[in-house]
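The values are calculated or read from the model by the stated rules, or taken from the named source; none is laboratory data. Not measured: the values here are computed from a predicted model. Heads up, the Cβs are rebuilt from the backbone with ideal geometry, glycines too, and the neighbour counts pull from every protein chain shown.
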Amino acid sequence: MRNKAETNRRYAIGTGIVLGALLALTAVVWVMRPADLDAATLCPTSRPIEGHTVVIVDRTDRWTSAIGDTLTEIVERAQRETAQYQKFSIVSLDADQSVRSLFSVCNPGAPSFFSDLYRGRRYTERDFEQRFVGAAEQVIEEVRAPSEASTSPIIEYVHRWLGGDDFNASVENRRLILVSDMRQNSPLYSIYAARGEGLAPVVEREFGAAGRDVTYDVYFIAHGQEHNVSETDVRNAWDGAFGAIGAQYEWRQIN
C-alpha cells in the first residue's frame, strides 16, 4: 500500500509540474503574441503606435550626386533605427508643395518565432522585407533625384506634421529629421528678407507646445548658394529658433 501511495504522490507531482509548465508556456505565448496590424499601414490596431520618425527631404534646391548618396544613407539608417510598432514616414518638400507622405508605414518587426506562430513565416517576411524595407528603398530612389522649387516652406511643413493625428503631442518618441539647406523662404517668413522679429518668434508661434518634445535631427546641406545669407547666418537663426521652443536637436553639416 505504501508503494502505491508513493507512486500516486509522484504521479500527482509530475502531473502538476507538466500542467504548470503548459500553463506557463501558454502565458508566455499569449504575452509575447504580436499585435494585430492594419492591412494598409502595418501599424498596430490594438495599441497606440510606439513612436514616429518623419524624414522631410527638402528638394527645393538642386544638390550633387554625392549629397544624393548621403541622403540615401541618412534615410536608410533612420529606418533601421525605427523600432517595432513605430511609424516611419518620408516626405518630399518640392515644387508640388504637397505634405502627403510618400511613404508612411509602421515597422511590423522582423520575423520571429512568435510572429511566425501567429501569422506564418511567409506573411511576416513579406510585411517586413517587402512592405517596410523594400518599399522605402523605392521611395528613397525617388527623393534623391535632383529637383528645384521657387519657395521653401520648411516651417509650414513641420507645422503640418506637428498637428497630425499620428505625430501630435500625444504620440511618444517623436523624431523629425530634416535634410535641408534650412533656408526658409515663403510668404510666412523668408530668411532672405530681414525682419525685426527674426526667425525665432515665427518658429515658436508655428511649432508651439507640440514642437517642444520632438527630437530634431538637422542634416544641413551646405551647397554654397548663399544668396546674401551665409551658412553661418542660417545656422545662427535656427539655433535661436530651436532654443526659443526648448527643443532637443542635433545639427550635422553635409556637403
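For Tyr157, the requirement of being hydroxyl-bearing (Ser, Thr, Tyr) and assigned to a helix (DSSP H, G or I) is met. Of the candidates Gly14, Gly68, the single residue that is modelled with pLDDT under 65, surrounded by fewer than 18 Cβ atoms within 10 Å (Cβ to Cβ) and either part of a helix (DSSP H, G or I) or among the hydroxyl-bearing types (Ser, Thr, Tyr) (or both) is Gly14. The residues on offer are Gln253, Gln248, Gln225, and the sole one that is under 24 Å from the mean Cα position of the chain (by Cα) and either within 25 Å of Ala66 (Cα to Cα) or modelled with pLDDT of 95 or more (or both) is Gln253. Cβ-Cβ distances below 7 Å connect the following pairs, each with a first residue in the range 71-94 that is closer than 20 Å to Val158 by Cβ, a second residue that is among the basic types (Lys, Arg), and a separation of six or more residues or different chains: Leu71/Arg144; Ser92/Arg59; Leu93/Arg59; Asp94/Arg59.
Take the conditions (1) outside any strand (DSSP E or B); (2) touching a residue at least 12 places away in the same chain (Cβ under 8 Å); (3) not hydrophobic (A, V, I, L, M, F, W, C); Arg175 misses just one of them, which is (1). Screening the range 64-106 for residues that are under 10 Å from the mean Cα position of the chain (by Cα) and of a type in the set (S, T, N, Q) and picking the one that is farthest from Phe167 (Cα to Cα) gives Gln79.
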